[in-house]
Amino acid sequence: MNAIKRYLGVLWLAIAALAGYFGLFSLGLPKLASGKTDDLVFGIIIVFVLMPIIVGGLARFGLYALQGEYDD
């Protein structure tokens, strides 16, 4: 069971990388570059508020799983 948790840690890290890529290049930067005020506000919220929370949480969970913090 502990080995499965460690493999899932790699999966969480991969999901964090995909979420960061998708959030930045599909949601964040196109909204920032559109020029509309509504899109600019949405892009700022995505890039500077939501992305660090989402990617940081997934990456931290994955690193803890890889380090064996959830083995108990």
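Sequence-distant contacts, meaning Cα pairs under 8 Å at least 6 residues apart, place the relative contact order of the range 2-67 at 52 percent.
Count Lys and Arg as plus one, Asp and Glu as minus one, and take only other residues whose Cβ is under 14 Å from that of GLU69; the net charge is then +1.
Inverting the pair-averaged 1/r between distinct Cα atoms of the chain gives 13.1 Å as its Kirkwood hydrodynamic radius.
Taking label positions 7 Å along the Cα-Cβ direction at both VAL10 and LEU50, the computed distance is 3.0 nm, reported to one decimal.
None of the figures in this text is laboratory data; all of them are computed from the coordinates on show. What you are looking at is a predicted structure, and each value in this text was computed from that prediction instead of being measured. Cβ atoms come from the backbone with ideal geometry, glycine included; neighbour counts cover every protein chain shown.
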